[in-house]
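Step one of this worksheet: look at the structure below.
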Amino acid sequence: MDAYPLRTAYLIVRKRAAFIGLVALVFALLALVISHLLSPTYKSYAVFSLIENQSDLRGRDVYGTQSTSITGVLISIGIKPTAIIEGFKARMNTEDFARRLGERRVPDWARVFFDERKGFLKLEARGPTPQKAKERAEILANVAMEDFVEESVRLIRTQLVSETEELRTTLASLQQQLSLVEQGLKSLGKVRVSTDVGVTLKAAGVDPMVAESSDPALAYLRLELARLKADVAAKSSRLHQLEAWLGDQGLLKRLAESRLPLKLVASPGVPLEPVAPKPLLNTVIAFFLGFFLAVFWAFLQAALEPPKEGEVAESPPTVSG
């Protein structure tokens, strides 16, 4: 390996060592001065944990007591954490959310980070002083909690409305079936029932006691009528209950709070040290940046300089054959 290029590089660096060191030192001093002139920035944050398994909350009413009533059935409605988090991240960049934080425009001091693998939602706030950073983080956490509850209420209301519409459709179908059974009972006495009705009903899976009764057709229709009436009564009661809940905003809010899949696990605290600027780190980075720039400039100057007399090597004589 020819060592001449390495020797040339060494000579260039040695020749301009003072210039290289001076540039690196100037860069480092400038970075140090600027770092001390910049205002410090402190960071405080609140951490929410996702409750992925909500089975321990099911079967409890909005006051936390065990319940086997219809309220317990409503509590079993699940709220997807990802839907709430994605909606919250989108609303954070709106002017409405900024007003809720007490700002005129979208603030640059509020940030949100979601670790889906670990299940943590981190709300970060920055400020010029430790107390200001904590104050902003507390405001951000409170507004976020209110937003989570409001979004949960919206999701629960959507599910309740969907169930209500489904119940209305089912009730309409049951009412039609009930009307047909009542008409069948009225017309049963006017027609002569075949003796094979019992066999047919028994083959269709009807209760043998009904199929083998003296008048199986009448017994079957009466049993079907009672079943339909009980089903209509249960679904009507459920429908009225859902309609009452949909009109009770306070109940929906308590329900959303009890079913909220996010729990505050770390409250905002007063930061001890600023996160920016970092004088030592900035000085080291600036020193090496200045060093490499000075070395590059030294090589560039050496490449552009015309060769001096006596430095051009003579070409070796050509040997003729």
### Task
Among residues belonging to segment 77-132 that are small (Gly, Ala, Ser) and either out of contact with any helix residue (DSSP H, G or I) (no Cβ under 9 Å at 6 or more places or on another chain) or within 24 Å of residue 272 (Cα to Cα) (or both), point out the one that is surrounded by the fewest Cβ atoms within 10 Å (Cβ to Cβ).
90
### Query
Can you name every residue in segment 246-272 that is in a loop (DSSP other than H, G, I, E, B) and either of a type in the set (Ser, Thr, Tyr) or touching a residue at least 40 places away in the same chain (Cβ under 8 Å) (or both)?
260, 261, 267, 268, 269, 270, 271, 272
### Task
Kindly check whether there is at least one residue in segment 286-305 that is at pLDDT 90 or above and closer than 30 Å to residue 46 by Cβ.
no
### Task
Please find, among 154, 222, 168, the residue that is out of contact with any Cys (no Cβ under 7 Å at 6 or more places or on another chain), at pLDDT 90 or above and not polar (S, T, N, Q).
168
### Message
List the residue pairs whose Cβ atoms are under 6 Å apart, where the first residue sits in segment 122-136 and is closer than 23 Å to residue 86 by Cβ and free of Cβ contacts under 8 Å to residues at least 40 places away in the same chain, the second is among the small types (Gly, Ala, Ser) and surrounded by 24 or more Cβ atoms within 10 Å (Cβ to Cβ), and the two are 6 or more positions apart or on different chains.
### Response
none
### Query
Has segment 13-31 got any residue that is in a helix (DSSP H, G or I), at pLDDT below 90, among the aliphatic types (A, V, I, L, M) and under 21 Å from residue 303 (Cα atoms)?
yes
### Query
What single numbered condition from (1) crowded, with 18+ Cβ neighbours inside 10 Å; (2) modelled with pLDDT under 90; (3) within 19 Å of residue 92 (Cα to Cα) fails to hold for residue 136?
(2)
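The values are calculated or read from the model by the stated rules, or taken from the named source; none is laboratory data. This one's a predicted model, so the numbers in the text were calculated from it and none came from an experiment. So basically every Cβ, Gly included, is an ideal-geometry build from the backbone, and we count neighbours across all protein chains shown.
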